[in-house]
Amino acid sequence: MSLDIRLRSVFDTVLELDTKLPDSALRYQETPGWDSLGAVLLISAIEDEFHVEIDTARALKMDTFDAAMHLLRDLGAPD
């Protein structure tokens, strides 16, 4: 399964999203469930799924789905 599909699955599960929402619509504080608590749960689930460790500085920059994709690539998550 590709990186973007796996990441979207994490987003959908953690935030209980409507799968019809496009990836480009997923933004912190604008997406239902992606508030401060949702962000913490999302970071934890991403770390578990992709076996990476996300530091606070990087986590604070992860405010869109695309930013999360770039972060995972920067951390060396296989595509």
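The values are calculated or read from the model by the stated rules, or taken from the named source; none is laboratory data. The structure displayed is predicted, hence computed values, not measured ones. Here Cβ is always computed from backbone atoms with ideal geometry, including for glycine, and neighbour counts include all displayed protein chains.
A few points about this structure:
- Residue match in the stretch 41-54 (condition: among the β-branched types (V, I, T), surrounded by 14 or more Cβ atoms within 10 Å (Cβ to Cβ) and within 10 Å of the chain's Cα centre (by Cα)): yes
- In the stretch 1-30, the residues that are of a type in the set (V, I, T) and more than 19 Å from L71 (Cα to Cα): T13, T19
- Flag if S2 is surrounded by fewer than 17 Cβ atoms within 10 Å (Cβ to Cβ), under 17 Å from L75 (Cα atoms) and small (G, A, S): yes
- Unique residue being free of Cβ contacts under 8 Å to residues at least 60 places away in the same chain and in contact with a Lys or Arg (Cβ under 6 Å, 6 or more places away or on another chain) when the list is T19, T64: T64
- Check on R73, among the basic types (K, R), under 11 Å from L7 (Cβ atoms), modelled with pLDDT of 95 or more and out of contact with any strand residue (DSSP E or B) (no Cβ under 9 Å at 6 or more places or on another chain): yes
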